[in-house]
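Q: Could you have a look at this structure, given as structure tokens, before my questions?
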Amino acid sequence: MKEINYSELKKGGFMRQVQKGYFSMRLRVVGGRLSAEQLKKIYEVANKYGRGYVHLTARQGVEIPFIKLEDIEAVKKELSEAGIEPGACGPRVRTITACQGSSICPNGIIDTTELANECDKRYYAQELPHKFKIGITGCGNNCLKAEENDLGIKGAVKPEWEKSSCTFCGLCQAVCPTKAIQIDEKNKEITIDRDKCTYCGRCVKSCQTNSWKGKPGYLLYFGGMFGNNIALGKQILPILFSKEDVHKVIQATLEFYKKYGKQGERFRNTIERVGWDIFKKELEKAIENERSDFDE
Ligand code: SF4
Ligand code: SF4
Ligand code: SF4
């Protein structure tokens, strides 16, 4: 009898179950989005080949349990007719996750769906020393928990104040969650402590006279992991304003991991071992020609 290559099956999205001969099939759900037609196809496949239910994973994925080994090819074929592919498992870039972002959510600052699709096309399933998760969240509310990912991206706004239309009503100071805004009514001035500002954009949204202008951008977090060991991703670069810079940084991050990571070593541990300073320098090098986009 031909030996079953379980690691190859896992790589292709079919994970061995505790029940002998059965596999739970992980689907590639980019940015948490599935069409109604795709849901219909998943329903059909779960009924026909599985046990009539799916499992929703913690990373927006869908798994269809109880697929038999002999049905795997038929399942793949049926799902691919609806544009559904298996999700990557093992040591590689996993499915890109995202919140609804600015295309749907009124709080959204960046188009998370568009960025998730771009990341999927450029980086999905790249081979790495260990699993690598990219997650995109549309604003500081952080519904997708950017810091939990090996590389998390968060929509952000850099506020700039314009004196001429300000009525000094005090609202922006009141809504700022980090108390970064100081209003000097006597001298008719507003100052912002850039070290305290988290780029949440609440001051911009609150102002009735449009005296705060907001420049949308991206905050990136590196080295988050939530397994047996837990660490929050760190923001080591200033806010980036260009999406191409974001991609250059993602590419440089993956190159760094490929170059320095030991097989089986989580990305956070690679950075800790090699040094955050060296990692940061490599990222800065990737965008050095775009230094003007930096918020110093
Ligand atoms: S993180 Fe922001 S944009 Fe994304 S769903 Fe939450 S509130 Fe909306
Ligand atoms: S909310 Fe707008 S108008 Fe009011 S103090 Fe702030 S900047 Fe001025
Ligand atoms: S962007 Fe957020 S943290 Fe920064 S000054 Fe405005 S309200 Fe405060």
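Q: What's the number of the only condition in (1) away from ligand 2 (no atom under 16 Å from the Cβ); (2) in contact with a strand residue (DSSP E or B) (Cβ under 6 Å, 6 or more places away or on another chain); (3) among the aliphatic types (A, V, I, L, M); (4) free of Cβ contacts under 8 Å to residues at least 60 places away in the same chain that I278 fails to meet?
A: Going through (1) away from ligand 2 (no atom under 16 Å from the Cβ); (2) in contact with a strand residue (DSSP E or B) (Cβ under 6 Å, 6 or more places away or on another chain); (3) among the aliphatic types (A, V, I, L, M); (4) free of Cβ contacts under 8 Å to residues at least 60 places away in the same chain one by one, I278 breaks only (2).
Q: Please work out if I181 is among the hydrophobic types (A, V, I, L, M, F, W, C), surrounded by 12 or more Cβ atoms within 10 Å (Cβ to Cβ) and more than 9 Å from ligand 3 (Cβ to nearest atom). Even if it seems obvious, please write down each step before you answer.
A: Details: among the hydrophobic types (A, V, I, L, M, F, W, C): yes; surrounded by 12 or more Cβ atoms within 10 Å (Cβ to Cβ): yes; more than 9 Å from ligand 3 (Cβ to nearest atom): no.
Taking the combined requirement at face value, the residue does not satisfy it.
Q: Let me ask something else. Looking at segment 156-166, can you tell me whether even one residue there is more than 16 Å from ligand 2 (Cβ to nearest atom) and either assigned to a strand (DSSP E or B) or under 18 Å from K243 (Cβ atoms) (or both)?
A: Quick first cut of segment 156-166, residues more than 16 Å from ligand 2 (Cβ to nearest atom) only: 156.
Okay, now just the ones that are also either assigned to a strand (DSSP E or B) or under 18 Å from K243 (Cβ atoms) (or both), so 156.
Yes.
Q: Moving to a separate point now. Would you please list the contacts, defined by Cβ atoms under 9 Å and residues six or more apart or on different chains, that run from a residue in segment 136-150 that is without any contact (Cβ under 8 Å) to a residue 24 or more places away in the chain to a residue that is in a loop (DSSP other than H, G, I, E, B) and more than 6 Å from ligand 1 (Cβ to nearest atom)?
A: K145/G224
For every residue, the table says whether it meets (1) hydrophobic (A, V, I, L, M, F, W, C); (2) free of Cβ contacts under 8 Å to residues at least 12 places away in the same chain; (3) surrounded by fewer than 14 Cβ atoms within 10 Å (Cβ to Cβ).
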position: Y6; (1), (2), (3): no, yes, yes
position: V18; (1), (2), (3): yes, yes, yes
position: V30; (1), (2), (3): yes, no, no
position: A36; (1), (2), (3): yes, yes, yes
position: V45; (1), (2), (3): yes, no, no
position: R51; (1), (2), (3): no, no, yes
position: I67; (1), (2), (3): yes, no, no
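Yes/no per residue for (1) over 27 Å from C200 (Cα atoms); (2) within 16 Å of ligand 3 (Cβ to nearest atom):
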{"residue": "D71", "(1), (2)": "yes, no"}
{"residue": "V75", "(1), (2)": "yes, no"}
{"residue": "L79", "(1), (2)": "yes, no"}
{"residue": "G101", "(1), (2)": "no, no"}
{"residue": "I110", "(1), (2)": "no, yes"}
{"residue": "E114", "(1), (2)": "no, no"}
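Q: So, one more: Go through segment 180-201 and give me each residue that's outside any loop (DSSP other than H, G, I, E, B) and more than 10 Å from ligand 2 (Cβ to nearest atom). Outline the logic, then answer.
A: Step one: list which residues in segment 180-201 are outside any loop (DSSP other than H, G, I, E, B), which gives 181-184, 189-192.
Q182, D184, E189, T191, I192, listed by residue number.
Q: Identify, please: which residue in segment 78-120 is farther than 23 Å from L56 by Cα and of a type in the set (D, E, K, R) and is, among those, nearest to ligand 2 (Cβ to nearest atom)? Steps first, answer last, please.
A: Quick first cut of segment 78-120, residues farther than 23 Å from L56 by Cα only: 102-103, 106-111, 118.
Those still in the list that are of a type in the set (D, E, K, R) too: 111, 118.
Numbers: D111: 27, E118: 35 Å.
My answer is D111.
Q: Could you check segment 131-174 and list, in sequence order, the residues that are closer than 23 Å to A231 by Cβ, away from ligand 1 (no atom under 16 Å from the Cβ) and among the charged types (D, E, K, R)?
A: K131, K133, D150 - these are the residues of segment 131-174 that are closer than 23 Å to A231 by Cβ, away from ligand 1 (no atom under 16 Å from the Cβ) and among the charged types (D, E, K, R).
Q: While we're on this one: Looking only at segment 252-280, which residues are exposed (fewer than 14 other Cβ atoms within 10 Å of the Cβ) and not acidic (D, E)?
A: Within segment 252-280, K258, K259, K262, Q263, G264, R273, G275, W276, I278 meet the criteria.
Values in this text are rule-based calculations from the coordinates and carry no lab data. This structure is a prediction, so every number in the text was calculated from the model and none was measured. For neighbour counting, all protein chains shown are included, and Cβ atoms are generated from backbone atoms with ideal geometry for every residue, glycine included.
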